[in-house]
Amino acid sequence: IWVSSTSKFYSQDLNTGKFNWLNDKLIESNINPGSITYIYPDYSDKNILWLGGNDTGLVKYHKIKGVISTYLHDINNESSIISNNINCIIGDSLGNLWIGTNIGLSKFNIESEIFKSYTTANGITNNFINSILIDDNDDVWISTNKGLNKFDRYKDKLIKMDGVDEYQFNLNTS
């Protein structure tokens, strides 16, 4: 099991109960362990975790070696992540990570290492992304502070979903 708290990043072997303290591996890469708020396992590589949080950007973390890559927002590069403040991460079946931030949505192609970002200018109802789910049809559902959105992957377009009783979603509720 992998755990991030307000001051620590560690794993625990549930069979032995042994803790493996990993703060140093993050600190070596200038990442505050207490700022990690989201851990997502890479289902195509069991040794990789994707980490995100407050001012961390997206972190590719190897369970043994530590930080492999850090992807940060670059104001001069449209192909960088939209924000370093990550609220949620989920992967799809096409090799993309979908990353919800406080100022928009980024899709990260793991193979090409290129981000494509979406904001209200692209049709999303609000830039504060609270949660992302992918359904059995590989449709991407995005909850925001102003409603629910569906991403049509085939048209590369966001669709506002009307008829949802609640307007604002809480962080990481889906």
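The values are calculated or read from the model by the stated rules, or taken from the named source; none is laboratory data. Just so we're clear, the structure is a prediction, and the values are computed from it rather than from any experiment. Positions of Cβ are backbone-derived with ideal geometry, glycine not excepted, and every protein chain shown enters the neighbour counts. For the accessible areas, the whole protein counts, side chains as well, though only heavy atoms, and no ligand, DNA or RNA atoms are used. Shrake-Rupley method; radii C 1.70, N 1.55, O 1.52, S 1.80 Å.
Checked against (1) open to solvent by 60 Å² or more (accessible area, probe 1.4 Å); (2) closer than 25 Å to Arg153 by Cβ, Ile82 passes all but a single condition, namely (1).
Out of the residues in segment 120-140 that are assigned to a strand (DSSP E or B) and β-branched (Val, Ile, Thr), state the one that is farthest from Gly91 (Cα to Cα). Step through it out loud before you land on a result.
Looking only at segment 120-140, we keep the residues that are assigned to a strand (DSSP E or B), and these are 129-134, 140.
With the extra rule that they be β-branched (Val, Ile, Thr), the set shrinks to 129, 132, 134, 140.
Details: Ile129: 15, Ile132: 10, Ile134: 8, Val140: 10 Å.
Per the criteria, the residue is Ile129.
All of (1) more than 30 Å from Thr120 (Cβ to Cβ); (2) in contact with a His (Cβ under 7 Å, 6 or more places away or on another chain); (3) surrounded by 14 or more Cβ atoms within 10 Å (Cβ to Cβ); (4) among the hydrophobic types (A, V, I, L, M, F, W, C) hold for Ile68 with one exception: (3).
Cβ separations smaller than 7 Å between residues 6+ apart or across chains give the following pairs from segment 36-50 residues that are within 18 Å of Asp24 (Cα to Cα) and touching a residue at least 24 places away in the same chain (Cβ under 8 Å) to residues that are surrounded by 12 or more Cβ atoms within 10 Å (Cβ to Cβ) and basic (Lys, Arg): Leu49/Lys63; Trp50/Lys60.
Scanning segment 93-109 turns up at least one residue that is closer than 22 Å to Arg153 by Cβ, under 14 Å from the mean Cα position of the chain (by Cα) and of a type in the set (D, E, K, R).
Just one of the listed residues (Gly34, Gly17) is modelled with pLDDT under 95 and either farther than 20 Å from Ser112 by Cβ or over 18 Å from the mean Cα position of the chain (by Cα) (or both), namely Gly34. State the number of residues belonging to segment 41-62 that are open to solvent by 10 Å² or more (accessible area, probe 1.4 Å), over 16 Å from Lys8 (Cβ atoms) and either in a loop (DSSP other than H, G, I, E, B) or touching a helix residue (DSSP H, G or I) at 6+ places or on another chain (Cβ under 8 Å) (or both). Looking only at that region, the number is 7.
Criterion applied to Ile99, Ile134, Ile110 was being surrounded by 15 or more Cβ atoms within 10 Å (Cβ to Cβ), more than 16 Å from Tyr38 (Cβ to Cβ) and among the hydrophobic types (A, V, I, L, M, F, W, C), and the one residue passing it is Ile110.
Only one of Ser143, Ser93 is exposed (fewer than 15 other Cβ atoms within 10 Å of the Cβ), at pLDDT below 95 and among the polar types (S, T, N, Q). Can you tell me which? So that I can check it myself, show each step before the final result.
Numbers: Ser143 fails: exposed (fewer than 15 other Cβ atoms within 10 Å of the Cβ).
Ser93 is the lone residue from the list that is exposed (fewer than 15 other Cβ atoms within 10 Å of the Cβ), at pLDDT below 95 and among the polar types (S, T, N, Q).
Close contacts from segment 141-161, counting a first residue that is outside any strand (DSSP E or B) and a second that is surrounded by 16 or more Cβ atoms within 10 Å (Cβ to Cβ) and at pLDDT 85 or above, with Cβ to Cβ under 6 Å and a gap of 6+ residues or different chains, come to Asn145/Asn126; Asn145/Phe128; Lys146/Thr125; Lys146/Asn126.
Here Ser79, Ser117, Ser83 are screened, and the one residue that is of a type in the set (Gly, Ala, Ser), in contact with a strand residue (DSSP E or B) (Cβ under 7 Å, 6 or more places away or on another chain) and either part of a strand (DSSP E or B) or under 16 Å from Lys146 (Cα atoms) (or both) is Ser117. The listed residues are Glu113, Glu78, and the only one of them that is of a type in the set (D, E, K, R) and at positive phi turns out to be Glu113.
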